[in-house]
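Remarks on the structure that follows.
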Amino acid sequence: MLKNKLIPVLIFVAVILPFVGSLLNFYTDWLFFVETGFSSVFMTTFYAKTGVGLFFGTLLFLFIMSNSLYANRVHFPYTGIYILGSENFRLQRDEAIRFVKPLAILIGLLLAFFAGKWGAMQWEEVLLFTNKVDVGTVDPVIGKDIGFYLFCLPFWEMFKEFAGFVLMATAVMAGIVYFVRGGIVLSERGVTIDEKVRRHLAVLTGIFACVIAAGFYLDSFRLLLSNNGVFYGAGYVDVNSRLLTYRILTFLTPVAGILLAVGIWKGALRLALLAPVVVIALYVIGIRVYPGVLQKFKVAPNELALETPYIENNIKFTRFGYDLEKIETIPFDVDTKLSAADIANNDATIKNIRLWDHAPLLKTYSQLQQIRTYYKFFDVDNDRYKVNGQYTQVMLSPRELSYADLPSKNWINERLIFTHGNGITFGPVSRISKEGLPEFFVKDIPPVSLADIKVTRPEIYFGELSNDYVVVKTRVPEFSYPTATGNINTTYAGKGGVPIDSLLKKALFAAKFKTEKILLSSDITAESRILYNRNINQRVRAVAPFLRFDVDPYMVVDENGKLKWIIDAYSYSDRLPYSKPLQGGINYMRNSVKAVVDAYDGSLSFYISDPQDVLLKVYARMFPGLFKPLNAMPNDLRKHVRYPHQFLQIQAAMFAAYHMTDPKVFYNKENLWQVPALGEKPMEPYYTIMKLPGEKIEEYILLLPFTPSKRDNLAAWLTARCDEPNYGKIRAYTFPRDRLIYGPKQIDARINQDSFISQQLTLWNQRGSEVIRGSLLVIPIEKSLLYVQPLFLAADKAGLPELKRVIVAFGDQVVMEENLELALQRLFGGKKAVAAVASAVTADSKASPAALAKEAMGLYEKATNLQRQGNWAGYGEELRKLEQVLKRMVQ
């Protein structure tokens with residue numbers, strides 16, 4: 001009785017609940033796509049998943065059922081009362097035969113269901129196959145268009161795996177039916193198989209041999225994706241041994257399958273075994289043994305000569321895979337003739353040298369501008385703006401709401417009241433106050449603008465820290481920001497979110513988010529809207545899951561004062577022949593899309609930044625309404641498009657070896673580069689504003705230096721241009737190889753060896769302060785290089801980092817001063833190098849020798865008193881000032 005009651009419960013839990021959950025997710029996802037305006041994308045994906053799932057599920061069910069029904073119709077002589085017999089358990093054959101047919105149908109339906117679910121997950125491969133295009137480039141070995149590898153090969157491999165599974169499942173199912181019906185009998189003398197069963201299994205075996213042959217055919221293409229140690233792709237051994245063997249096996253295996261099937265059909269054991277033995281022997285010899293012999297005795301002694309054409313293929317296709325072909329290599333004849341006049345002529349470059357590092361600045365912003373504990377600065381972004389008429393590099397950080405830090409956590413607070421972050425902190429990269437703190441263009445809540453950049457819509461409903469959902473336009477006022485006299489409230493006025501205008505929708509969203517409060521709350525009205533998929537990374541992935549999105553979205557203030565997120569997106573594949581893969585297998589990548597998300601209403605747009613990308617051409621055919629051309633992006637946003645830091649890092653890692661296009665040089669690694677490392681981590685690309693060699697105006701670029709492999713001197717610097725009309729152009733400036741150009745590690749060592757700098761650092765550390773050495777930047781100016789490193793001081797690890805010193809190196813000189821202007825003044829003299837300090841320098845230079853001597857004596861006495869008191873930091877500071885006075889005395 002209890003058993004009968006449990007059966008409906010189990011069916012409800014196992015079948016009904018998952019089905020209802022799927023319907024619920026389907027409807028809420030549909031509402032999300034309607035809200036964002038991409039319902040056509042949703043329906044295309046839905047039709048593809050449904051169609052592909054039904055195709056594979058139906059195909060499996062029909063094949064298994066047709067074989068199962070055939071097996072059930074075959075009659076066999078009487079073979080005993082029992083299928084299994086023992087003293088404890090006996091199963092009668094007649095009873096089992098009654099159940100075998102419905103059981104086979106049930107198992108077939110179950111397998112079809114799982115095949116359908118698996119097939120639905122292959123929707124992207126199927127759509128890529130049905131919308132494929134030719135690339136126009138063929139592989140150099142087999143002669144197939146590259147489009148075959150990108151769009152067709154994954155589909156055929158998937159279909160081959162499916163066919164193999166179907167045949168194996170069918171054979172097992174038919175075998176069970178035959179065993180129950182007496183076609184296969186187990187006895188003390190062994191296994192007896194009826195002639196009719198053998199013939200059925202012979203047909204299945206022949207079909208399975210064709211599937212194996214298809215696998216050999218596809219394996220011949222995968223040779224072009226293999227790793228040969230020295231390079232990637234098919235080498236001499238692959239082309240002259242394995243490829244030929246695979247082609248023979250492709251034609252031989254079906255023949256062997258027919259012979260095997262005939263042998264099974266006739267019951268001729270020797271004939272049945274001979275064919276597969278020949279195939280296995282050929283496989284072992286042609287794929288395993290002979291290639292090893294060929295490699296050892298022919299290729300290894302003559303590797304460069306024999307592998308040269310295949311190394312050329314690897315170089316060509318790796319450069320294509322990571323878009324390295326567009327990199328323009330230009331010699332850069334560096335010198336040390338930089339003068340004060342050159343510094344003055346490159347004033348915009350100097351003013352935009354980034355002194356504020358991301359990590360210290362994030363701490364500083366958090367302590368100065370967080371305002372309340374429930375606000376949080378998650379990241380600091382780098383961008384450029386026209387500020388008060390000047391082209392300026394800035395650091396910007398959104399002030400998001402941190403739900404983990406809310407003082408009182410409950411459903412009303414988290415979902416109805418605290419719904420959004422507020423505003424940004426925005427300032428120049430190089431300016432510092434007298435206290436060593438950053439200056440601001442925009443700060444505080446509500447936003448206070450100290451420049452001509454205005455934020456008119458500061459609310460951040462969609463961000464990097466946003467929770468899964470909030471309900472807006474309710475009877476409960478939303479918290480906007482705190483003031484000295486009380487809290488200011490607001491009501492959402494955007495078009496984002498889904499209206500909860502019916503009891504059904506309330507019930508659906510209550511079920512989706514597993515809370516009855518949405519259904520029961522009296523604060524939610526017919527005007528209320530639910531905002532979900534609020535995390536911007538999840539939001540863009542929900543619409544375009546086939547793209548890979550950058551881990552560093554950045555915020556932009558448009559000309560109307562609204563906040564927008566820009567996220568770089570990449571198309572990628574792991575099927576490009578001869579291309580060296582990244583960790584994870586990707587060997588083709590393009591920054592083909594710029595996604596824009598409105599921080600207030602969550603509206604989405606996807607813009608094509610690389611119209612030549614073949615993968616994106618196919619995605620655009622799959623989803624006609626998803627992508628827009630880049631020129632459709634508003635002009636004020638297009639000015640803030642930047643070359644992605646992550647992509648240049650990947651390209652640089654590849655270009656370090658693949659700038660060598662001569663196969664002999666590549667093989668010998670004669671000119672291998674590496675990204676320099678300070679400490680354990682390699683340097684990362686950094687944005688700056690500068691005038692590139694040969695150009696007339698400054699522009700926003702992304703820059704990364706190279707050193708020779710296992711050496712510390714500079715070999716080259718790579719730069720990606722971000723401003724129109726040169727966006728996306730990359731240059732590699734190579735240094736002369738006949739003389740030493742200091743690299744970051746060598747400059748770092750010289751800084752450590754400077755007696756004054758090392759003494760000062762020691763004094764600060766002894767005092768208990770934490771000294772934070774910022775990023776060492778290499779700044780090309782004219783034909784010379786400046787090296788700039790900021791120094792930050794914090795009372796402890798949780799203290800407020802203050803930018804206290806700037807170290808600048810040029811040639812053989814290293815100086816440390818309170819700011820960049822003073823450091824440049826020391827290096828290049830008083831020829832109006834820096835306008836900001838020119839007047840002060842002039843005033844100091846007019847002081848009489850007697851006045852300077854008196855000032856020096858005062859500084860000496862003060863330093864001596866500080867030394868007696870044990871104030872070593874103060875002592876070091878007075879010695880530095882004394883040094884400056886003594887230098888002025890000898891001028």
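Here are the numbers for the structure shown:
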item: Cα extents of region 360-463 along the three principal axes, largest first (Å); result: 47, 28, 19
item: Relative contact order of region 647-793, defined on C-alpha pairs under 8 angstrom at six or more residues apart (%); result: 15 percent
item: 9 Å beta-carbon shell around LEU702, net charge (K/R +1, D/E -1); result: +2
item: Helix 849-869 vs. the chain, principal-axis angle (Cα, 0 to 90°, nearest 10); result: 60 degrees
item: Cut-off under 5 Å, modelled amide H: who pairs with GLU699 long-range; result: MET690, LYS691, LEU692
item: Distance in nm between pseudo-label sites at ALA493 and THR58 (7 Å out along the Cβ direction from Cα); result: 5.4 nm
item: Ranked order, GLU439, GLU325 - accessible area, probe 1.4 Å, largest first; result: GLU325, GLU439
item: Amide hydrogen neighbours beyond the local backbone of THR525, cut-off 5 Å, H modeled; result: ARG475
item: Computed FRET value (nearest 0.05) for LEU740 with ASP501, which takes r as the C-beta separation and R₀ as 56 Å; result: 0.15
item: FRET efficiency for ASP812 and GLN649, using Cβ-Cβ distance with R0 set to 35 Å, rounded to 0.05; result: 0.65
item: Cα-based helix-to-principal-axis angle, 93-120 vs the chain, degrees rounded to 10; result: 30 degrees
item: Region 118-219: relative contact order as a whole-number percent, Cα under 8 Å and 6+ apart; result: 21 percent
item: Packing rank of 349-358, 499-508, 657-666, where each peptide gets the mean count of other beta carbons within 10 Å, highest leading; result: 349-358, 657-666, 499-508
item: Stretchable slack from LYS696 to PHE297, in nm (0.36 nm times residue separation minus alpha-carbon distance); result: 137.8 nm
item: Computed [θ] at 222 nm, deg cm²/dmol, the chain (DSSP H ≥ 4; -39,500 (n - 2.57); rounded to nearest 500); result: -14000 deg cm²/dmol
item: Approximate shape of the chain as ellipsoid semi-axes (Cα gyration tensor, √5λ), whole Å, largest first; result: 65, 40, 24
item: Degrees separating the helix 39-73 axis from the principal Cα axis of the chain, which is the longest one; result: 30 degrees
item: Accessible area of THR373 in the full protein assembly, 1.4 Å probe (Å², nearest 10); result: 100 Å²
item: Point-to-point label distance, VAL448-LEU519, nm (Cα→Cβ direction, 7 Å offset); result: 5.0 nm
item: Listed pairs LYS580/LYS664; LYS862/LYS887; LYS117/LYS617 exceeding 22 Å between Cα atoms; result: LYS117/LYS617
item: FRET E, pair ASN726, ILE248, Förster distance 41 Å, beta-carbon r, rounded to 0.05; result: 0.20
item: Surface accessible to a 1.4 Å probe, PHE320 within the full protein complex, Å²; result: 50 Å²
item: Accessible surface of the chain [probe 1.4 Å, protein heavy atoms]: carbon and sulfur percent; result: 58 percent
item: Radius 9 Å from Cβ of THR392, net charge of other residues (Lys, Arg +1; Asp, Glu -1); result: +3
item: Solvent-accessible area per residue for the chain (1.4 angstrom probe, square angstrom); result: 47 Å²
item: Proximal lysines to LYS745, defined as alpha-carbon separation beneath 16 angstrom and excluding residues fewer than eight positions away on the same chain; result: LYS681, LYS710
item: For region 16-74 versus region 158-211, the gap between their alpha-carbon centres in whole angstrom; result: 29 Å
item: Loop trypsin sites (Lys or Arg not before Pro), region 380-442, which have at most 15 other Cβ atoms in a 10 Å radius of their Cβ (DSSP); result: LYS409, LYS434
item: Dimensionless Rg/Rh of region 301-440 - Kirkwood Rh, Rg from C-alpha atoms; result: 1.23
item: Net charge of Cβ neighbours under 12 Å - reference THR45; Lys, Arg +1; Asp, Glu -1; result: -1
item: Eligible lysines near LYS196 by straight Cα distance, threshold 21 Å, same-chain separation 8 or greater; result: LYS101, LYS266
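The values are calculated or read from the model by the stated rules, or taken from the named source; none is laboratory data. Owing to the predicted nature of the structure, the values given are computational and were not obtained by experimental measurement. Reconstructed Cβ throughout: ideal geometry from the backbone, glycine too, with neighbour counts over all protein chains shown. Note: areas computed on protein heavy atoms with side chains; ligands, DNA, RNA excluded. Shrake-Rupley method; radii C 1.70, N 1.55, O 1.52, S 1.80 Å.
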